[in-house]
Amino acid sequence: MNYILDTNIVLIYTRESPLTKLIDKDYDLFNEQNNLFISVVTVGELESIILQRNYGVKKIKILENILSKF
């Protein structure tokens, strides 16, 4: 399946919240059979959010790990 993820979904994964588990259960997005995409706008928004919210090293590493899968 092909999925285009928006900024909010990527941010949900950085929080590792119960919602993350629900999305994984329902959609299994990071299954190797799925093709994941994000737009250049999403990348820009994520970089802006990191700066505005002073993300710590842990959240930045989580985000980098997520983005490496695209």
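The values are calculated or read from the model by the stated rules, or taken from the named source; none is laboratory data. For clarity, every value in this text was computed on a predicted model and none was experimentally measured. Note that we place each Cβ from the backbone using ideal geometry, even for glycine, and neighbour counts take in every protein chain shown. The area values use the complete protein model at the heavy-atom level, side chains included, leaving out ligands, DNA and RNA. Shrake-Rupley method; radii C 1.70, N 1.55, O 1.52, S 1.80 Å.
In the stretch 39-51 there is no residue matching the filter, namely being over 17 Å from D6 (Cβ atoms) and either among the hydroxyl-bearing types (S, T, Y) or open to solvent by less than 60 Å² (accessible area, probe 1.4 Å) (or both).
Of the helices (runs of 4 or more DSSP H) lying entirely inside the chain, those containing at least 1 residues that are at negative phi and in contact with a Phe, Trp or Tyr (Cβ under 6 Å, 6 or more places away or on another chain) are 18-27, 57-67.
Restricting the first member to the stretch 20-33 and to residues that are touching a residue at least 24 places away in the same chain (Cβ under 8 Å), and the second to residues that are hydrophobic (A, V, I, L, M, F, W, C) and open to solvent by 70 Å² or more (accessible area, probe 1.4 Å), the beta-carbon pairs closer than 8 Å and six or more apart or on different chains are Q33/M1. Of all residues in the stretch 14-36, those satisfying the criterion of being open to solvent by less than 100 Å² (accessible area, probe 1.4 Å) and in contact with a strand residue (DSSP E or B) (Cβ under 9 Å, 6 or more places away or on another chain) are L29, F30, N34, N35, L36.
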